[in-house]
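What follows is one structure encoded as structure tokens, with my remarks underneath.
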Amino acid sequence: MSSDTLAKAPAAPDVPEPADALRIVPHRRLGQWAAAVVVLALLALAVTSVLRNEAFRWDVVADHFTSVSVLRGLWLTLWLTAVVMVLGFALGTLLAAARLSANPVLRAVSWGYVWLFRSIPVLVQLLLWFNIGALYPRILGVRTVDLLTPVAVAVIGLTLHEAAYAAEVVRGGILSVDRGQIEAAQALGLSRWRRWWRIVLPQAMRSIVPPAGNMLIGTLKGTSIVSVIAVQDLLFSVQLVYHRTYQVIPLLMVATVWYTVVTSVLSVGQYYVEKYYARGSERTR
């Protein structure tokens, strides 16, 4: 074979290297790392400023954190939150059932209730109930000011306000259940009560629990507004102390830390409740 023939022969194709022999270089995310460093630096400066600022008076915070008056106010805040949530969701469930009923009068009344109480600020509602004696001096033969104490006004005002939001939460949860589930239960001959208890409610709870948990935390923090009508909740209790000692910032920090602790516990509880009702709907590998 001549040298010209060897020169014109095609070159052998390149054989690709095996995949395990290739060197994989990760993508460098310099911008994300730089942003993380800046955020951590700012966070460290903020924490250091809070801890080392003498104006916070952390020794005063520690002295009043578990005082009798503060714990009494904390207990009233927790009690008020629990009562308002139970009564609010009980009334809200009735309103949601009325909104979903075939009766046009019930639907209109339920819609009107939700529209009205969501339109009026909760502070205005509390002040109206607190001064209801100007409109009705006596109720059932008893003086209104004696019948409606500040705590009773707080329960009534917050319950009526929360019921409007609870009604929409419950209604949205019920509507999230596929209609075919109810029809399948009817085909199996289940009674109306068993259909709602065994089929509709467990599936609706997956949509009800997250906003209900947010409402619970919002109600806990919202109870601080009752201090304007002299209900001795957590905020009002620390206000009584700093009006006497003039240590405003340390006492406000006492309330802040207690609200943070309680909301953190409620958030953990909400996580496990959501996980319980999400059984069967989570994807598994």
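The values are calculated or read from the model by the stated rules, or taken from the named source; none is laboratory data. Keep in mind it's a predicted model, so treat the numbers as computed, not measured. Cβ placement follows ideal geometry from the backbone for every residue including glycine, while neighbour counts extend to all protein chains displayed. To get the accessible areas, we keep the full protein, side chains included, count just its heavy atoms, and leave off ligands, DNA and RNA. Shrake-Rupley method; radii C 1.70, N 1.55, O 1.52, S 1.80 Å.
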> Roughly speaking, what is the stretch gain from TYR276 to LEU128, that is 0.36 nm per residue apart minus the C-alpha to C-alpha distance, in nm to one decimal?
Replying inline: 49.2 nm
>> Report the gain in length on full extension from GLN186 to VAL37: 0.36 nm times residue separation, minus Cα-Cα distance, nm rounded to one decimal.
In response: 47.7 nm
>> If amide hydrogens are placed 1.01 Å from N in the peptide plane, which non-local residues have theirs closer than 5 Å to the one on ILE139?
In response: THR144
> By how many nm would the segment from ASP59 to LEU45 grow when fully extended, if each residue of separation counts as 0.36 nm and the alpha-carbon distance is taken off?
Replying inline: 2.9 nm
> Which one of VAL153, SER227, ALA164 has its Cα pushed farthest toward the positive end of the charge dipole of region 129-230, where Lys and Arg give +1 and Asp and Glu give -1 at the Cβ?
Replying inline: ALA164
> Given springs between every Cα pair under 10 Å in a Gaussian network model of the chain, which of ARG194, ARG29, ARG244 has the largest fluctuation?
Replying inline: ARG29
>> Rounding to the nearest 10 and keeping the result within 0 to 90°, find how far the Cα-based axis of helix 248-277 lies from the longest principal axis of the chain.
In response: 60
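Looking at the chain, I'd like the Rg to Rh ratio, where Rg is from alpha-carbon atoms and Rh is Kirkwood's inverse mean 1/r.
When Rh is taken as the Kirkwood radius, the ratio is 1.25.
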> For the residue pair ALA230 and LEU252, what label-to-label distance in nm results when each label sits 7 Å from Cα along the Cα-to-beta-carbon direction?
Replying inline: 2.5
> Going by a ≥ b ≥ c, the root eigenvalues of the Cα gyration tensor, does region 38-88 fall in the rounded group (a/c under 1.5), the prolate group (a/b larger than b/c) or the oblate group?
Replying inline: oblate
>> Could you work out [θ]222 nm for the chain from helices alone, using -39500 (n - 2.57) per DSSP H run of at least four and dividing by all its residues? Round to the nearest 500 deg cm²/dmol.
In response: -23000 deg cm²/dmol
> Share of the chain's accessible area from carbon and sulfur, percent, 1.4 Å?
Replying inline: 65
> What nm value, rounded to one decimal, do you get for the distance between LEU116 and LEU240 when each label is placed 7 Å out toward the C-beta?
Replying inline: 3.5
>> How much accessible area per residue does the chain have, counting only protein heavy atoms and a probe of 1.4 Å, in square angstrom?
In response: 67
